[in-house]
Amino acid sequence: MIHSIIDNHVLNNVCRLIHESTHIVITCHKSPDGDAIGSSLALCHLLNNMGKMANVVIPDSVPRTLHFLPTLRDVTVYTKAELRAKRLVSQAELIICLDFNAITRIDKLGVVIEESPTPRVLIDHHLDPVSHFDEMISFPEASSTCELVYRFMSEAGYGSLIDKLIAECLYVGIMTDTGNFTYSSASPELYEIVANLMTYGIDKEQLYRLAMNTYSADSVRLQGYALHEKMQIFADKGVALLTLTREELQHFNYRKGDTEGLVNKPLAIPEVTISIFMRQDPDFIKVSCRSQGDRPVNDICRQYFNGGGHRNAAGGDFYGTMDQAIDTFFTILEQINPDNNNSTSL
Ligand code: 5GP
Ligand code: MN
């Protein structure tokens, strides 16, 4: 049985805000992943099914690996269509923020939204949401924002408006944020939710292939190079480091999304319980961390990389050279105590 989890008062307020609004903007975090963009498209489609003028407005572009998602072409990307994004935000009577816990996670679009007097609702599963929202549906223990959006749709009584397109988008977000249902965040109730989504006739085999196992030849070669030439393993600490410089990325014709999933690969090695990947993007070094068990990587990202995230999946940005980033890694490594796998110690 799928229990109701959303506070009645919050649920009623969010429903009231939706009913009182015609123009609604939905947004999600920068460098959107399957959960961020899947939840946004699903909710947007549901609101349009209700007769609303809903629009997804996002800070930057969606990686190629997710371009198969239905209705993606209707999304407004701030870095590509700033004026249109600003116009949609200024017209909106309600802004719904998905899959992030602080407005700073949406870059320049965050400034536009923060300056707007329009009510803001948050639906999210990250720890410690910053309270600049009028209503918050925040459950850090949830597997994904897509799980929460499904629960919201059902608990709000909008279930009859769910269709195959919505089910596909929600399924992709749940699948990608649970590592295809392998993480402990996948609860028994989540499988009931997925069972319900499957009744809409979604093709989960195809969605898995498209969302999680489709790479260009350049991307497969880049990942092979990274693992063969650039992976360092510090077995005594249970840590692996992967780094890719601008030149290395360019050599493999890097395009956004090409390193998706790479940070998980070292965790296949039994001795490795923390994997850190540093990729030199044009403006900063993007850091991605993954871990297994009770080894919190969000603390590392918060402390050293202006970031955050979940206990076992986190990220951040480093402003400096790759050598400086690697120096920081060694500072972190020194503090990692392999024998003390609890949340008070890195
Ligand atoms: P990824 O490594 O796939 O980019 O991100 C994994 C998770 O880490 C995201 O779902 C998000 O929760 C968190 N994350 C990634 N980058 C950042 C960042 O720059 N700031 C914060 N606060 N969290 C991040
Ligand atoms: Mn998520």
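The values are calculated or read from the model by the stated rules, or taken from the named source; none is laboratory data. None of these values were measured; they are calculated from a predicted model. As a convention, Cβ positions derive from the backbone with ideal geometry for all residues, glycine included, and neighbour counts pool all protein chains shown. These accessible areas exclude ligands, DNA and RNA; they are computed on the full protein's heavy atoms, side chains included. Shrake-Rupley method; radii C 1.70, N 1.55, O 1.52, S 1.80 Å.
Answer with yes or no whether Arg255 is closer than 24 Å to Ser31 by Cα, open to solvent by 40 Å² or more (accessible area, probe 1.4 Å), under 18 Å from the mean Cα position of the chain (by Cα) and not small (Gly, Ala, Ser). Criteria not met by Arg255. Taken together, Leu11, Leu41, Leu46 contain a single residue that is buried (at least 24 other Cβ atoms within 10 Å of the Cβ), more than 30 Å from Lys286 (Cβ to Cβ) and modelled with pLDDT of 95 or more, which is Leu46.
Of the residues making up the stretch 290-308, just one is open to solvent by less than 30 Å² (accessible area, probe 1.4 Å), more than 17 Å from Lys30 (Cα to Cα) and part of a strand (DSSP E or B), namely Ser291.
Checking the structure you have, find out if any residue of the stretch 139-158 is open to solvent by 30 Å² or more (accessible area, probe 1.4 Å), within 25 Å of Glu20 (Cα to Cα) and of a type outside the set (S, T, N, Q).
Filtering the stretch 139-158 for residues open to solvent by 30 Å² or more (accessible area, probe 1.4 Å) gives 139-141, 154-155, 157.
This time we only want the ones that are within 25 Å of Glu20 (Cα to Cα), so: 154-155, 157.
Subsequent filtering for residues that are of a type outside the set (S, T, N, Q) retains 155, 157.
Yes.
Among the residues of the stretch 203-221, is any more than 26 Å from Lys256 (Cβ to Cβ) and open to solvent by 20 Å² or more (accessible area, probe 1.4 Å)? Full working, then the answer.
Residues of the stretch 203-221 that are more than 26 Å from Lys256 (Cβ to Cβ), as a first pass: none.
No, every residue in the stretch 203-221 fails to be more than 26 Å from Lys256 (Cβ to Cβ) and open to solvent by 20 Å² or more (accessible area, probe 1.4 Å).
If you go through the stretch 123-138 and keep only what is more than 21 Å from Ala167 (Cβ to Cβ) and among the hydrophobic types (A, V, I, L, M, F, W, C), you end up with Leu127, Val130, Phe133, Met136. Within the stretch 263-279, is even one residue open to solvent by 30 Å² or more (accessible area, probe 1.4 Å), under 22 Å from Leu244 (Cβ atoms) and in a strand (DSSP E or B)? Checking the stretch 263-279: at least one residue is open to solvent by 30 Å² or more (accessible area, probe 1.4 Å), under 22 Å from Leu244 (Cβ atoms) and in a strand (DSSP E or B). Of all residues in the stretch 53-78, those being within 18 Å of the chain's Cα centre (by Cα), without any contact (Cβ under 8 Å) to a residue 40 or more places away in the chain and in a helix (DSSP H, G or I) number 1. Taken together, the residues in the stretch 166-180 that are outside any helix (DSSP H, G or I) and more than 16 Å from His310 (Cα to Cα) amount to 1.
Across the stretch 69-107, the qualifying residues are those that are within 16 Å of ligand 1 (Cβ to nearest atom) and among the acidic types (Asp, Glu), and the one among them that is modelled with the highest pLDDT is Asp99.
Listed by first and then second residue, the pairs linking a residue in the stretch 285-300 that is on the phi < 0 side of the Ramachandran plot to a residue that is open to solvent by 10 Å² or more (accessible area, probe 1.4 Å) and of a type in the set (D, E, K, R), with Cβ atoms under 6 Å apart and 6 or more places separating them unless they lie on different chains, are Lys286/Arg279; Pro296/Arg311; Asn298/Arg311. Note on the stretch 206-254: among residues that are in a helix (DSSP H, G or I) and among the small types (Gly, Ala, Ser), the one that is farthest from Ser291 (Cα to Cα) is Ala217. Being modelled with pLDDT of 95 or more and under 23 Å from the mean Cα position of the chain (by Cα) is a description that applies to Gln223.
Out of Val62, Val77, Val56, report the one residue that is open to solvent by 10 Å² or more (accessible area, probe 1.4 Å), within 30 Å of Asp218 (Cβ to Cβ) and touching a Ser or Thr at 6+ places or on another chain (Cβ under 6 Å). Write out each step before concluding.
Values: Val62 fails: touching a Ser or Thr at 6+ places or on another chain (Cβ under 6 Å); Val56 fails: open to solvent by 10 Å² or more (accessible area, probe 1.4 Å).
Sole residue among the options that is open to solvent by 10 Å² or more (accessible area, probe 1.4 Å), within 30 Å of Asp218 (Cβ to Cβ) and touching a Ser or Thr at 6+ places or on another chain (Cβ under 6 Å): Val77.
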